[in-house]
Amino acid sequence: MTRNILEIPENGIPHERLLSIINTEIAKDDIDPYSGKAFGLCYLESKEHSEFVKKVYSSFMTANALNPMAYPSLVEMESEVVAMTAWMLNGDRKTTGTLTSGGTESILMAVKTHRDWAKDTKGINAPEMIVPDTAHPAFHKAAHYFDVKIVQTPIGKDYRVDLDKIKEKINEKTILLVGSAPCYPYGVIDPIEKLASLAAENDFGCHVDACLGGYFLPWIEKLGYPISNKWDFRVPGVSSISLDLHKYGYAPKPASTVMYKSDNFRKYQFYVHTDWVGGVYASPSAAGSRPGGAIAAAWAAMKVLGQDGYKQACKDVMEIAQKFIQGINSIGGLHVIGEPEMAIYAYTFDEDINLDFFKLIDLVENKGGWMINRMQNPAAAHHMTSRVHMSVVDDFLKDLNWAIKQIKVIDKSEKVEGQAAMYGMMQTFKDRKKLNETVRDILLKQYTYSPKKD
């Protein structure tokens, strides 16, 4: 019987041989980030920029921001990243924040901060936060981790927060309202000004999830693109904002920022333990060890691009996204959902089309080797645009046009290789607990070592 265990090699594998194994065996099926075939995961300014920040990252590969006294350079760089971000978000001298490993950690920290703030200043021991259906699942994860009750509300017909639904859920236990700039599914900005005003009136927090738009929206606003409403620290009542450097900030992963109106909030994020025999322990975020390379490379990305670099990148990406959106809307039977405000959008069938949308996406992927994210309720496809898509717009639209013609003529029972069967099966689950268990079982199998078959 084959054991599901892998021994460490008795003798180390030579460098060149190991690199060859990685390139020709391990990573052979990975998508090329510069091919433009993926509509998510990778946010690239240019190959030249990537090579530069990679060099900076490597220079600080062994540095650990766990101990700021050992690496004052990292303290300086992180503080400058936070200060530049505060300026970009129209903050003031009191605006502050920290770097984290990504949007999820930034959101986790913001929820934990508001929980502890509300407990200390208002005596709330059973906290609740109100989020729209479009809020990122990281808020649900934070609620689960930190024992905060999450109250979910439906969105309006414009795919934004429904303020009336929010008002109905506010009570004496509410500690936080959540809005997005923009939301991941539809690329629209929630009415943050009204949401933050509601939070201020009731004396609790308002968090803006700008993980996607935080390092993008400020620049397209300066370029003259219309923004439905203000969402940053210009808005009274906004207490915190999460925004990812490793998305449209063009820093390598893992790098995000969580920003606060002032240290009156940020102090509740920090953890301090003074009774350990190993010495005084303190950390600004969830992580203990913090990779110095990520901090240094994020700093370098902002410095080397500058305002002009960010504006040009955003201009290019917006123009590419508009070509995609116009092209999709021109294909009979398809439309982009809502009115996206930046380079993030979703599309689906028109109401009169009664076909399997996930099968359509499988056809597109198989035709051109694309990697497209799926959405549900309704079934839709999701794109996040990057500069690498500049040369593939026409090819993608051609494949999408071909696929919709195909799906209208093929037998509905005909199987197409891809994810349609799995997504279709999941749509039939009425018992969400059972569905959760099914997805968890899939994860368990994915993250369990299994010997390769010869």
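The values are calculated or read from the model by the stated rules, or taken from the named source; none is laboratory data. Quantities reported herein were computed from a predicted structural model and do not represent experimental measurements. Every residue, glycine as well, gets a Cβ built from its backbone with ideal geometry; the counts of neighbours run over all protein chains shown.
I'm checking my understanding of the structure. Among residues of the range 262-289 that are of a type in the set (D, E, K, R) and touching a strand residue (DSSP E or B) at 6+ places or on another chain (Cβ under 7 Å), which one is surrounded by the fewest Cβ atoms within 10 Å (Cβ to Cβ)?
Within the range 262-289, the match that is surrounded by the fewest Cβ atoms within 10 Å (Cβ to Cβ) is D263.
Which of the following residues is under 20 Å from the mean Cα position of the chain (by Cα) and surrounded by 24 or more Cβ atoms within 10 Å (Cβ to Cβ): A143, A110, A118, A138?
Among A143, A110, A118, A138, only A110 is under 20 Å from the mean Cα position of the chain (by Cα) and surrounded by 24 or more Cβ atoms within 10 Å (Cβ to Cβ).
Scan the strands (runs of 3 or more DSSP E) fully inside the range 330-392 and keep the ones with 3 or more residues being surrounded by fewer than 19 Cβ atoms within 10 Å (Cβ to Cβ) and out of contact with any strand residue (DSSP E or B) (no Cβ under 8 Å at 6 or more places or on another chain).
none
Restricting to the range 96-138, what's the tally of residues that are closer than 20 Å to E168 by Cβ and touching a residue at least 40 places away in the same chain (Cβ under 8 Å)?
Of the residues in that region, 10 qualify.
Please list, ordered by first then second residue, the pairs with beta carbon atoms under 6 Å, 6 or more apart or interchain, first in the range 164-177 and under 9 Å from M129 (Cα atoms) and in the same structural domain as T113 (by TED's automatic domain parsing), second small (G, A, S) and surrounded by fewer than 17 Cβ atoms within 10 Å (Cβ to Cβ).
Sorted first by the residue in the range 164-177, then by its partner, the pairs are K173/A126.
Return only the number of the condition from (1) touching a helix residue (DSSP H, G or I) at 6+ places or on another chain (Cβ under 9 Å); (2) at pLDDT 95 or above; (3) of a type in the set (S, T, N, Q) that N229 does not satisfy.
Result: N229 fails condition (2) only.
Out of E201, E193, E221, which single residue is over 27 Å from K247 (Cβ atoms) and free of Cβ contacts under 8 Å to residues at least 60 places away in the same chain?
E201
Here are the criteria: (1) loosely packed, with under 15 Cβ neighbours inside 10 Å; (2) at pLDDT 95 or above; (3) of a type outside the set (A, V, I, L, M, F, W, C). Tell me which single one N67 does not satisfy.
So N67 meets the others, but not (2).
Considering only residues of the range 196-213 that are small (G, A, S) and in contact with a Gly (Cβ under 8 Å, 6 or more places away or on another chain), which is nearest to P340 (Cα to Cα)?
Going through the qualifying residues, I end up with A196.
Can S240 be described as in contact with a Ser or Thr (Cβ under 9 Å, 6 or more places away or on another chain), in the same structural domain as T95 (by TED's automatic domain parsing), closer than 19 Å to I189 by Cα and surrounded by 14 or more Cβ atoms within 10 Å (Cβ to Cβ)?
Yes.
Can you pull out every residue in the range 265-311 that is assigned to a loop (DSSP other than H, G, I, E, B), among the hydroxyl-bearing types (S, T, Y) and under 23 Å from the mean Cα position of the chain (by Cα)?
S285, S289, listed by residue number.
When K398 is evaluated against the numbered criteria (1) in contact (Cβ under 8 Å) with a residue 24 or more places away in the chain; (2) assigned to a helix (DSSP H, G or I), which criterion, by number, is the only one it fails?
The one condition K398 does not meet is (1).
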